[in-house]
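Data block below; observations after.
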Amino acid sequence: MLTVYPQTKTYFEHWKDLSPGSAPVRKHGLTVINGITVDAVKKIYDLNTGLLTLSELHAFTLRVDPANFKILSYCILVVLANMFPDKFTPEVHVAMDKFLAAVARSLSEKYR
Ligand code: HNI
């Protein structure tokens, strides 16, 4: 995301090293992916409640433009397709797209 959509770097200027694979990028990548694969998956049936605190954090404290959630979702799909070309069937693509869109919608909940 930081490479393909460099405007997203503005939120992470305080990390100093934003190059691909740098320590803070790897660390935060894991944090976000854990947020999706552990937290969001656990709360899949009520994402709005489950991701409420995270939505408030991104809206009020971090002030992340919610358009960036779509950008990140798109990047995650591209990475999955590249890493798992055999497993990334049309069904998996649609299911992941739907799930990531639901996560993005819940994270945007507090902006309204
Ligand atoms: Ni996000 C911090 C989860 C998208 C900018 N983000 C977090 C944390 C989690 C998290 C978890 C750590 C919270 C804490 O410390 O309590 N972020 C997610 C998830 C998504 C997402 C699940 C989307 C699926 N975040 C984004 C996007 C941006 C973003 C798209 C900006 C482009 N997030 C941040 C910033 C921080 C952050 C900035 C604080 C990082 C830091 O180190 O200061």
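Each reported figure results from applying straightforward, stated rules to the coordinates on display, with no laboratory input. The model shown is predicted, which means the values in this text are computed figures rather than measured ones. FYI the Cβ positions are ideal-geometry reconstructions off the backbone, even for glycines, and counts take in every protein chain you see.
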Problem set entry | Span-like helix ranges in the chain, DSSP H, alpha carbon extent 15 angstrom or more, Kyte mean at least 0.5 | 67-83, 90-107
Seminar exercise, completed: Most fluctuating of ASN68, ASN48, ASN34 in the GNM of the chain (C-alpha, under 10 Å) is ASN34
For this session: For every other residue with a beta carbon closer than 14 angstrom to the beta carbon of LYS27, add +1 if it is Lys or Arg and -1 if Asp or Glu, then tell me the sum.
Result: +1
Exercise. Among LYS42, LYS98, LYS27, which one moves the most in a GNM of the chain with springs linking Cα atoms closer than 10 Å?
Worked result: LYS27
Problem set entry | Difference of contour (0.36 nm per residue) and Cα-Cα distance, LEU57 to HIS28 | 8.9 nm
For this session: Return, for the Cα atoms of the stretch 40-106, the radius of gyration and Dmax in Å, separated by a comma.
Result: 13.2, 40
Seminar exercise, completed: Rounded to the nearest whole number, the per residue volume of the convex hull around the C-alpha atoms of the chain in Å³ is 105
Problem set entry | Cβ charges +1 (Lys, Arg) and -1 (Asp, Glu), total dipole of the chain, debye | 160
Exercise. Of the residues PRO20, PRO90, PRO66, which exhibits the maximal mean-square fluctuation in a Gaussian network model of the chain defined by a 10 Å Cα contact cut-off?
Worked result: PRO90
